[in-house]
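Just below is one structure, and these are the notes that go with it.
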Amino acid sequence: MIDLSWKVFSKTGNIETYLLMKELEMTYEQTMNNQPRDQDQVEDGFKHIK
């Protein structure tokens, strides 16, 4: 979605499209930062096999 917004902005120069792209980026970053970590998750990102 962010790529699409950037492509539309770069082709049209429409500031509303740019603002949408920035809002999507911020929402994505907030979502990724607020994800709870699984207790079984190890540092390298793999989960323990039980």
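The values are calculated or read from the model by the stated rules, or taken from the named source; none is laboratory data. Worth saying up front: this structure is predicted, and the values here are computed from it rather than measured. Here Cβ is always computed from backbone atoms with ideal geometry, including for glycine, and neighbour counts include all displayed protein chains.
Checked against (1) surrounded by 13 or more Cβ atoms within 10 Å (Cβ to Cβ); (2) of a type in the set (F, W, Y); (3) at pLDDT 85 or above, Y28 meets all criteria but (1).
All of S10, S5 fail the test of being modelled with pLDDT under 80 and surrounded by 10 or more Cβ atoms within 10 Å (Cβ to Cβ), apart from S5.
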